[in-house]
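To start, the structure under review is shown below, and the notes come after it.
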Amino acid sequence: MLLLLTLCLVALGCRPSTDREWAALPAIPTAAPTPVPLSAAAPTPSTETDALAKAGVVIGGVRFEAELAVSPAHRARGLSGRDSLTPKTGMLFVFEDSIASSFWMNEMRFPLDFVWIGEDCTVVDVTANVPVPALGTEQAELPTYSSGAPAAYNFEINAGEADEYGVAVGSPVRIYGMPPGIESPCG
């Protein structure tokens, strides 16, 4: 199914949004999100190699480009094994049951900020400057991080960017450009 969705997106010639397109976006909706159904199972290694779908995330007035972690395999892999993120980019974790699970920093090489987004399309919590685990830390010893308030999404960005761009509890969130078949309630 994911492969079919990816092929459809390629055939449609998907591309990033331009600044003009961002400027024409509608006001923030009041509808509650209903993210795509996914398992809340513990992360497991992934063998998927397909490219991740992308969307735009606007927090307050700041635009980020986001890769979407929609499948259990993509969520398990997350940003593990990468050396860095380009500024103002991140990974948006989408959950079918509107409940963002706990996260860990398995095989991470750089620190992150976790932006927790609630069903009301606002930031409900920020876990700032989540550190890289010490070299050789066993998976069973890795700390986990959760939102202090119910969250439907987790958006991972470079450590320090939440503070730099004024991302805080109560900031409005809009999500644009979700691929077909994935709800975009905050768009």
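The values are calculated or read from the model by the stated rules, or taken from the named source; none is laboratory data. It should be emphasised that the depicted structure is a prediction, and the values quoted were computed from it without experimental measurement. Reconstructed Cβ throughout: ideal geometry from the backbone, glycine too, with neighbour counts over all protein chains shown.
Among the residues of the range 139-153 satisfying the criterion of being over 16 Å from Cys186 (Cβ atoms) and touching a Ser or Thr at 6+ places or on another chain (Cβ under 6 Å), which is surrounded by the fewest Cβ atoms within 10 Å (Cβ to Cβ)?
Top of the filtered list is Thr144.
Could you list all residues from the range 122-151 that are assigned to a loop (DSSP other than H, G, I, E, B) and in contact with a Gly (Cβ under 9 Å, 6 or more places away or on another chain)?
Taking the range 122-151 and keeping what is assigned to a loop (DSSP other than H, G, I, E, B), we get 131-138, 142-144, 146-151.
Ser147, Ala149, Pro150, Ala151 - these are the residues of the range 122-151 that are assigned to a loop (DSSP other than H, G, I, E, B) and in contact with a Gly (Cβ under 9 Å, 6 or more places away or on another chain).
If a residue must be of a type in the set (A, V, I, L, M, F, W, C), out of contact with any Gly (no Cβ under 9 Å at 6 or more places or on another chain), touching a residue at least 60 places away in the same chain (Cβ under 8 Å) and part of a loop (DSSP other than H, G, I, E, B), how many such residues does the range 76-103 contain?
Result for the range 76-103: 2.
Out of all the residues in the range 118-145, which are in contact with an Asp or Glu (Cβ under 9 Å, 6 or more places away or on another chain) and modelled with pLDDT of 95 or more?
Correct list: Val126, Thr127, Ala128, Asn129, Val130.
Any idea which of Glu119, Glu107, Glu183 is out of contact with any strand residue (DSSP E or B) (no Cβ under 8 Å at 6 or more places or on another chain), charged (D, E, K, R), farther than 18 Å from Val70 by Cβ and not in a strand (DSSP E or B)? Give the steps one after another, and end with the answer.
On the way: Glu119 fails: farther than 18 Å from Val70 by Cβ; Glu183 fails: farther than 18 Å from Val70 by Cβ.
Exactly one residue qualifies, and that residue is Glu107.
Among the candidates Asn129, Asn154, Asn158, single out the residue that is polar (S, T, N, Q) and more than 26 Å from Pro179 (Cα to Cα). Explain how you work it out, then say what you get.
On the way: Asn154 fails: more than 26 Å from Pro179 (Cα to Cα); Asn158 fails: more than 26 Å from Pro179 (Cα to Cα).
After applying the criteria, what remains is Asn129.
Could you grab me the full set of residues in the range 105-114 that are surrounded by 19 or more Cβ atoms within 10 Å (Cβ to Cβ) and out of contact with any helix residue (DSSP H, G or I) (no Cβ under 6 Å at 6 or more places or on another chain)? If you could, list the steps in order and put the result at the bottom.
Within the range 105-114, the subset surrounded by 19 or more Cβ atoms within 10 Å (Cβ to Cβ) is 105, 108, 112-114.
Selection gives Met105, Met108, Leu112, Phe114.
Quick one: how many residues across the range 136-187 are more than 14 Å from the chain's Cα centre (by Cα) and on the phi > 0 side of the Ramachandran plot?
Of the residues in the range 136-187, 5 are more than 14 Å from the chain's Cα centre (by Cα) and on the phi > 0 side of the Ramachandran plot.
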